[in-house]
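Notes follow once the structure below has been shown.
Each value in this text was obtained by applying a stated rule to the coordinates, not by laboratory testing. Quick caveat, the model's predicted, so the values are computed rather than measured. Quick reminder, even Gly has a Cβ in these numbers, built from the backbone with ideal geometry, and neighbours come from all protein chains shown.
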């Protein structure tokens, strides 16, 4: 089966539903912790945590350069996080 853009979008949508379902099955924080530990590598957990920290810092209205310096990240990485807050689904802005 050839991977067309339409097929890739369907696969992505299906995988998002599957991951969402699994995360919603967590009964409490301990369950969520265990799920994340089982399905993600330590490096992936660190990377996701850093993205969340980055967006939290950006919401304090610090400059991107200051956030990059405070979190020891490149300005390019911080810029990507800023784009999530600006052009994303808005859920991160709501939750953080």
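Does segment 9-92 classify as rounded, prolate or oblate by the C-alpha gyration tensor (a ≥ b ≥ c root eigenvalues; a/c under 1.5 gives rounded; else a/b over b/c gives prolate, otherwise oblate)?
prolate
What percent does the relative contact order of segment 19-96 come to when contacts are Cα pairs within less than 8 Å and at least six residues apart?
Rounded, it is 20 percent for segment 19-96.
Estimate the FRET efficiency between residue 71 and residue 23 by the formula 1/(1 + (r/R0)^6), using the beta-carbon distance for r and 22 Å for R0, to the nearest 0.05.
In this case the efficiency is close to 0.30.
If packing is taken as the average count of other Cβ atoms within 10 Å, what order do 65-77, 7-19 fall into, highest mean first?
Put in order of decreasing packing, that is 65-77, 7-19.
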